[in-house]
Structure formats: C-alpha cells, structure tokens
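Before any comments, here is the structure.
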Amino acid sequence: VRDGLRPSALEHWEEIARRLAGRSPAVFLDYDGTLSPIAPRPELATLPEPTREILRRLAARGPVAILSGRGREDVAALVGLDGLTYAGSHGFDIAGPTLRREIGDGIPERIDRAAARLREELSGIEGALVEPKRFAVAIHYRLARPEDLPRIEQAVDAVRAEYPDLRKVPGKKIFELRPDLDWDKGHALLWLLEALHVERLDEDGGEVVPLYVGDDVTDEDAFRAIEGRGIGVLVAEEPRETAAAYSLRNPEEVRVFLERLAGEPLTP
Ligand SMILES: [Mg+2]
C-alpha cells in the first residue's frame, strides 16, 4: 500500500489482467474527476480527446457505461459517443443503445419546482450555482466565498424541508437534493449488469467481470455493489476509506489504465 492509498491499479496491472483473462470486463465509469479533471464550472469539464478514443475502442469490445451525478443528457453530450450506456443523476435516469429506465414517479416535475425555490433562496449569494438535472438538483458552491457556506446550506435545508420526498446529499463542493429512494449508483450498476450481461451471454457465454472507476463518495455504493465479484478502482490523491481494492491518482492515470484495458486480449 503506497502512501496509505490502495494499491495502484497500474502497478498491479498484471494481477488485474490475470483476473480478466478469458473473461469479459463490463466497464462502468464515473465522469467528473475520473474521466475528466474537476473544473471550476461544470460545463468546463470536457473529456480529453485521447480518453474519448479509448472509450470508443473499449465500447467496440464490450459494454461501457458512464454513471454520473450529472443529468444523463449532459454527461452523454460531454462524452459524445453513441454505443455507450449513460446513467445520469446517480443512476435514476438510464439510457443505452438497447436500454431505457427511469426510477420513481413524477420526480422531474418536483425537481423543477425545488430548483426554482433554490434560485429564489440563493439569489443574493454570489457563486452559488443551481443546476437542475431532471432527477436531482445540484447546488455548486466551488465559486462561492467560504464564509457564505453556512447561508448556502441553510437555504438548501429550508427548501429541502418543503419537499419531504427529497434528501440532501453532500458532494465535492456541492449539495444535492435527490429523491429519497433506495436507489444509487450501486443499484444502477447491478441493474445494468443484469441487463447487459444477458445480452453478452447470447454472444459468447463468457463470464463478465464488472469494473468500476470513480472518485466521489457516491461511487462507494458502486464499489460495494461489486465487492468480491468485480474490480473497484478509486481515483484519489490522498488516502481515504473505500470499498475499492485499487486506486489511481487522477484522470491521467485513469486514461493509461483504460488504455491497457482496451489493449488487453480477452483470452489468455
Ligand atoms: Mg466524480
């Protein structure tokens, strides 16, 4: 364990390659901070072109799904590739070449109303950005002054109290209001795995090994969902408690890792 981090997925590549030998990886990836470096504004977090090319190669070989906290259409536009499956809003809104699923009932309408209320409450606070995403509303405070954080959180709590079926979830420099349902990236991953696995069985009958790469606390649900069965890789510069078995330091290392994965023969 280097510097208290999980073992590096690059330094332990041989071990990972052995687990994948003769099997098919099902690749699940977070977007922000994993494929794309964290940007000061969400719309600036573009996908590096070499990473896009590797995703294209990976998708030609097997299922690739992006599981993001962003809205589904937003993250699909940023990745810009057909043939991938996109699970937006932490898995509440899923669409792929052969898949479509939305969780819950009437959620986008309630999210819209909550977003309008948040804009009212936060209108006087510079740098607090409200981003409705159909199945969640994000309040970004990366650009706000640190001393405004308590006021921002109070406003979020006040709006949440008006919508008892939403819950507040903290993230990296954001709060989110999300449906208070037992559904997360882990549930979405397991649902997708079943849906995608059935299709894979028709083709080659091979065993599918789920692989998940993510950097945020919400990615821990996905790591736990595949613990013992798949390969979890945490993207982190600093040691952190995680259910992932391996780590990578940044999106650059993720790109190198995915490149190896795309180049690895599926049979030994
Ligand atoms: Mg992330």
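Summary table
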read-out	value
Mean Cβ count within 10 Å, highest first, over the residues of peptides 98-109, 172-183	172-183, 98-109
Simple label model, 7 Å out from Cα along Cβ direction - residue 82 to residue 60, nm	1.6
Percent accessible area from carbon and sulfur atoms, the range 21-84, protein chains only, probe 1.4 Å	54
Distance in nm between pseudo-label sites at residue 17 and residue 181 (7 Å out along the Cβ direction from Cα)	4.3
Overall form of the chain per C-alpha gyration tensor (a/c, 1.5; a/b vs b/c)	prolate
Within the range 2-39, backbone nitrogen closer than 13 Å to the virtual label 7 Å beyond the Cα of residue 207 toward Cβ	18-25
Ranked by how many other beta carbons lie within 10 Å on average, peptides 208-214, 10-16 from highest	208-214, 10-16
Solvent-accessible area per residue for the range 3-112 (1.4 angstrom probe, square angstrom)	41
Ranked packing of 115-125, 185-195, most packed first, by mean Cβ within 10 Å	185-195, 115-125
Gained length - residue 100 relative to residue 129, 0.36 nm times residue gap less alpha-carbon distance	7.5 nm
Surface share of carbon and sulfur [accessible, 1.4 angstrom probe, percent] for the range 88-221	49
Computed lengthening from residue 46 to residue 147, 0.36 nm per intervening residue step minus Cα-Cα distance	33.4 nm
Cβ-based net charge around residue 148, under 14 Å, with every Lys or Arg adding one and every Asp or Glu removing one	0
Rounded, prolate or oblate (a/c below 1.5 giving rounded, otherwise prolate when a/b exceeds b/c) for the range 1-53 by Cα gyration tensor	oblate
Overall form of the range 145-246 per C-alpha gyration tensor (a/c, 1.5; a/b vs b/c)	oblate
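The values are calculated or read from the model by the stated rules, or taken from the named source; none is laboratory data. Worth saying up front: this structure is predicted, and the values here are computed from it rather than measured. Virtual Cβ from ideal backbone geometry, glycine too; neighbours counted across all protein chains shown. With ligands, DNA and RNA removed, areas are computed over all heavy atoms of the protein, side chains included. Shrake-Rupley method; radii C 1.70, N 1.55, O 1.52, S 1.80 Å.
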